[in-house]
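Quick notes on the structure that follows.
The values are calculated or read from the model by the stated rules, or taken from the named source; none is laboratory data. Since the model is a prediction, treat every value here as computed from it, not as a measurement. So basically every Cβ, Gly included, is an ideal-geometry build from the backbone, and we count neighbours across all protein chains shown. Just so you know, the surface numbers come from the protein's heavy atoms only, side chains and all, with ligands and any DNA or RNA stripped out. Shrake-Rupley method; radii C 1.70, N 1.55, O 1.52, S 1.80 Å.
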Amino acid sequence: VLDEVCETTGVTLKRYMNEVAILNPEMTELVTLFGAIDTACKAISNLVKRSQLPSSETLGYQGEINVQGEDQKKLDVITNDLLKRALRFTGRIGVLASEEEDVPVDLVNTEKEAVYTETDKYVCVFDPLDGSSNVDAGIPTGTIIGIYEHDENCSIDEECVGVDCSAAELKCLTNTLQPGTNLVAAAYCLYSSSTFLVLTLGAGTYGFTLDENLGEFVLSHPDMKIPETSSIISFNEANTHMWDEPLQEVVGKWKTGKGKSGKSFSSRYIGSMVGDVHRTLLYGGVFGYPGDTKNPNGKLRLLYEGAPMSFIMEQAGGASTTGTQRVMEITPEFVHQRVPIIMGSKNDIEEVIEAYKAAGK
Ligand code: P6P
């Protein structure tokens, strides 16, 4: 037991990534990327915690509408710039896409950025502060990040976007728009009662907790595995009447103990994806934002929310579906494409998939 305790006690994120790189030399450059993510998440955690102080410069709205048509909060802009800068200075990113950016940002061919780019090996997609509208109420928020490899022959002339990109340039955009199965890494940072950083490099899901005395993320949840069955549903149930019938049927059965597991489910919904997914990973459950008659593709975005979170969930032994398709297998057609998502405990997700199949969907 002592060896086990010694082996995982005090393993910081930096040490974990260095050990990964020693065992997997091809992942060496990811160490640099996660060094930047480590620092950025600590800085964002600090900004979120201090955001409600009267002296805070980050209170309120930016007075802009983002590409999502949402009122941009000052924190949205500040955290987006912070993460963009942290990633740019690694010199390892070719292109990045963000919820807060209208189009992908090409760091290689944009003059002022090129200075910092040693290689454009990676593409980074992120939502800098998901659930930011909750921050004023002290409700958990999070950062979601996905990392792909970049096609060396790609460059984007931004002026063409939305006008007349060449096939090669569209390929580049497509190159940014890759299916979740191409992800080499994914991570989220949850700003809550603790600050957690949960990541996968494709070999399991590992959770770290920020030790504020140390100023380091420390390994706290090695090789996370979500319970295969559960008794927690996590949806915005105000939309139930608009869902697909198969989902209405399954959730209705779970509520009355008539589902496959015979368990009666309770409901937990924060309205902040990172918080809801983190609880689901730890306690088991089914989290979802399904399509409905008002929004057939639901609300969550595929590229920088659905795919990275599905990668993390699958690597923890869970599953993630639209009801009819594995979320990670969907290739985005455009950066801000939305996708229906139902993810969580494997056996419960199977029950949803079977209901859709039985309905001929
Ligand atoms: P609703 C937050 O705005 C968010 O994008 C996700 O974090 C969250 O899961 C969802 O929207 C909540 O949406 O419609 O239930 O408020």
Quiz item: What does the highest-first list of 244-253, 268-277, 39-48 look like by mean Cβ count within 10 Å?
Solution: 268-277, 39-48, 244-253
Quiz item: What distance in nm separates the simple spin-label points at Glu237 and Glu329, each placed 7 Å from Cα in the Cβ direction?
Solution: 3.2 nm
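Going through the range 301-333, which GluC sites (Glu not before Pro) have at most 12 other Cβ atoms within 10 Å and a DSSP loop state? All intermediate terms of the calculation are to be shown ahead of the outcome.
On the way: sites: Glu305, Glu314, Glu329, Glu333; in loops: Glu333.
Qualifying residues, ordered by number: Glu333.
May I ask which of Lys299/Lys361; Lys225/Lys299; Lys42/Lys84 have a Cα-Cα span longer than 22 Å here?
With Cα atoms farther than 22 Å apart: Lys225/Lys299.
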Exercise. Report, to the nearest whole %, how much of the accessible area of the chain belongs to carbon and sulfur atoms, 1.4 Å probe, protein only.
Key: 51 percent
Quiz item: Where in the range 286-337 are there trypsin sites (Lys or Arg not before Pro) that are in a DSSP coil and have at most 12 other Cβ atoms within 10 angstrom of their Cβ?
Solution: Lys294
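Once you've got the Cα coordinates, tell me which of Lys121/Lys294; Lys49/Lys294; Lys255/Lys346 are over 28 Å apart. If you can, show how the numbers build up before the last one.
On the way: Lys121/Lys294 39 Å; Lys49/Lys294 35 Å; Lys255/Lys346 18 Å.
In this structure, Lys121/Lys294; Lys49/Lys294 lie more than 28 Å apart at Cα.
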Quiz item: So how far, in whole Å, is the C-alpha centre of the range 193-240 from the one of the range 12-40?
Solution: 19 Å
Quiz item: Okay, helix-only estimate at 222 nm for the chain: each DSSP H run of n ≥ 4 adds -39500 (n - 2.57), divide by all residues, round to 500 deg cm²/dmol; what do you get?
Solution: -9500 deg cm²/dmol
Practice problem: Write down the accessible area per residue of the chain in Å², having rolled a 1.4 Å probe over the full set of protein chains. | Solution: 43 Å²
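Pick out the long, greasy-scoring helices in the chain: whole DSSP H runs spanning 27 Å or more along their own axis by Cα, mean Kyte-Doolittle at least -1.0. Walk me through the numbers before you get to the answer.
Values: long enough: 28-50 (34 Å, 0.58).
Helices meeting the span and hydropathy rule in the chain are 28-50.
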Practice problem: Express in nm, to one decimal, how much length is gained between Thr181 and Asn295 on full extension, taking 0.36 nm for each residue of separation and deducting their alpha carbon distance. | Solution: 38.5 nm
